[in-house]
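What follows is calculated from the coordinates using simple rules that are stated; it is not laboratory data. Since the model is a prediction, treat every value here as computed from it, not as a measurement. Heads up, the Cβs are rebuilt from the backbone with ideal geometry, glycines too, and the neighbour counts pull from every protein chain shown.
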Amino acid sequence: MGMHFNIEDSYARLIGMVLVIITYSSTMPALYVFGIIICFTLYWADKYMLVHYYRNPSYMRKEQALKAVYTIKTGVMLHILFGCMMFGQETILEHEPKEGESVPG
């Protein structure tokens with residue numbers, strides 16, 4: 001059949017994307033929607049390619065899955081850290097009114 005499916009590359013691509021989304025999503029919640037779309041697309045693209053193009057993949061080792069879980073847990077800590085850092089800035093939500101604009105309150 002086709003080429004060999006490298007499951008490590010697929011895993012790395014998915015985990016990297018999830019870490020970026022987890023890290024920055026506290027200030028950009030739209031990333032969750034993009035993440036769902038990307039995960040859905042990657043799932044179906046990999047599934048289609050596995051069925052129609054690639055040879056049978058090698059077996060995934062338990063260590064790979066455990067490293068992925070550890071990495072995602074680290075991403076959650078990054079999410080908390082970046083969220084606190086971003087929302088802890090006093091200037092992040094400031095707004096200077098333009099000329100002629102009324103200030104509420």
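Tally time: how many residues in segment 20-64 are of a type in the set (S, T, N, Q) and part of a helix (DSSP H, G or I)? Full working, then the answer.
Start the filter on segment 20-64 by keeping residues that are of a type in the set (S, T, N, Q), which leaves 23, 25-27, 41, 56, 58, 64.
From the residues that got through so far, the ones that are part of a helix (DSSP H, G or I) too are 23, 41, 64.
Within segment 20-64, residues that are of a type in the set (S, T, N, Q) and part of a helix (DSSP H, G or I) number 3.
To keep it simple, each residue is scored yes or no on (1) within 15 Å of residue 76 (Cβ to Cβ); (2) of a type in the set (D, E, K, R).
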position	(1), (2)
13	no, yes
29	no, no
32	yes, no
35	yes, no
38	no, no
43	no, no
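Residue by residue through segment 1-14, note down the ones that are outside any loop (DSSP other than H, G, I, E, B) and crowded, with 16+ Cβ neighbours inside 10 Å. Talk me through it step by step, then tell me what you get.
Just the residues of segment 1-14 that are outside any loop (DSSP other than H, G, I, E, B), to begin with: 7-14.
The answer is 7, 10, 11, 14.
Can you pull out the residues in segment 48-88 that are under 15 Å from residue 15 (Cα atoms) and either basic (Lys, Arg) or over 23 Å from the mean Cα position of the chain (by Cα) (or both)?
Across segment 48-88, the qualifying residues are 67, 73.
Quick check on my filter: what residues within segment 31-81 are among the polar types (S, T, N, Q) and either in contact with a Gly (Cβ under 8 Å, 6 or more places away or on another chain) or within 26 Å of residue 3 (Cα to Cα) (or both)? Reasoning before the result, please.
Residues of segment 31-81 that are among the polar types (S, T, N, Q), as a first pass: 41, 56, 58, 64, 71, 74.
Within segment 31-81, 41, 56, 58, 64 qualify.
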